[in-house]
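The values are calculated or read from the model by the stated rules, or taken from the named source; none is laboratory data. These figures come from a predicted structure and were not determined experimentally. Here Cβ is always computed from backbone atoms with ideal geometry, including for glycine, and neighbour counts include all displayed protein chains. In case anyone asks, the SASA skips ligands and DNA or RNA and just uses the protein heavy atoms, side chains included. Shrake-Rupley method; radii C 1.70, N 1.55, O 1.52, S 1.80 Å.
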Amino acid sequence: MKKKLGFIVSLSTAISFSISPVLAQAPQDSDDSPVSASVSASPAQGSNAERETISSQTNSVNRASNSKSRPRIGLALGGGGSRGAAHVGVLKVLLEEKIPIDMIAGTSIGSVVGGFYAAGVEVDDIAEVFVKNKFTKEFTPLPILTLALEPTLVAARLVGYKPYDGLFDGKKFRNYANKLAGTKKIEELSIPYAAVVTDVVTGKSCRLSNGDLGLAMQASTAVPELKRPVQIGDKLYCDGGLINNVPVNHVREMGADFVIAVDIDEKLKDVPLEKFRGLGSMARQALRIQLSTFDLPNQRNSDVFINPDTTGINLVSFKKKDGQRGIDAGIAAAREAMPEIKRKLAALGVTPGNID
C-alpha cells in the first residue's frame, strides 16, 4: 500500500511540475534579480497567513565573520523531495574533509536539510529524518484520509470555505521542522541561510532570509497542487524549484565567492523505449528533461557541481531503504568531487583543515 501511495504522490508531483512553464533561470539582470525577504509568524489581517517585511542580506552575511579574511564558501542545495537524503551524504563528507561552509541557500528539500544544518542539528540527526522515513510521514500526513476528504473539501468551497489550492497546508511539517531545529529564527542561525521560493504572482525566484525557519521551509516545499502555497504578508509563495531548483545565483548574491552546488535530480539515461509505456512514465520523464535543462545554467555558474546518483528514488518515497541509498549516493558523489574542491580552493589560498 505504501509503495502505491508513494507512486501516486510522486506522480502527482511530477505532473504538477511538468505541466508548469518551467524555464532555465541563470543569474538574472538587475531588474529581475532574486528578491530577498524576511518572514515572521504574525497573522495577516483577515487571513491565516503570515506577515512579511522586505530586508537585505547584510545581517546574514555579517554572521560569517570567520570567513572575512578568506574567500567565502557557499552551499547551494537543490530540490528533489526524498532524494534530499543525498544532501546529508554530501554534508557528511564536507565535514569530514573540514571544508568550511559560510552560507547556505536551499530550494525545497534543500531548504530543509540546509536549514537544519544551519540551525546546528547534528548531521546524524538529519540523516535519521530520511533513514527513519520521518520526512515523508511529516510532509504527506495521512494521504488516504486527505484524499477521502477531498470531496467534502470541494463541497465546503460551495458554502464559502476557500483555502488556497492544494491537498495539504503544510503546517504539520512546519511544526515538526521548528521542533527539530529548536524553533529558531533564521537570523539566529549560526550560518547565514536562505530558503528559496517562487512568487506565485510575479513568477520571480525569491529567498526568505529572516524570521520563522519552519515557515520558510513550508513555503519552499509547497509543491503546487500537493501543498497549498504560503501567504506571507501580501505575497504568496510556492516551491522554489518551480523555476530555480539549484539556487547558485542566490548563494552568489548572499556574498559567496566560491559555490558548491548539489543537484539531486535524476540524471537522464539511455533507457528502452518500452519504459515509456508504463502509467505516469511520460510525466516523470518530462520532469527529468525539464529539470536537467534548467539546471544547466546553475552548473555553469557554480565552482563545483555535485550530482549524486538518485536513480529510482521517488520524489516522495515511503521506502526506508531509499533514505540510506540517498545518503550513500551523496557520500560517493562528494568524495568523487573532493579532489576538484580541494584543488580549486587551494588556488584561492584556502586549505581545508587549516581554517579558524
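Couple of notes before you dig in:
- Long pairs among LYS98/LYS321; LYS92/LYS184; LYS162/LYS227; LYS137/LYS179; LYS132/LYS319; LYS92/LYS342, criterion Cα-Cα beyond 18 Å: LYS98/LYS321; LYS92/LYS184
- Note on the range 200-307: semi-axes of the ellipsoid equivalent to its C-alpha gyration tensor, largest first and rounded to whole Å, are 28, 21, 10.
- The mean of 1/r over all pairs of different alpha-carbon atoms in the range 249-299, once inverted, gives a Kirkwood hydrodynamic radius of 13.2 Å.
- Computed over the range 176-244, the quotient of the alpha carbon radius of gyration and 2.2 N^0.38 Å is 1.06.
- Cα Rg over Rh - the range 72-122, Kirkwood: 0.93
- Inter-label distance for LYS172 and VAL201, nm, one decimal - labels placed 7 Å from Cα along Cα-to-Cβ: 3.1
- Difference of contour (0.36 nm per residue) and Cα-Cα distance, LEU296 to SER190: 35.1 nm
- Per residue accessible area of the range 159-291, 1.4 Å probe, in Å²: 40
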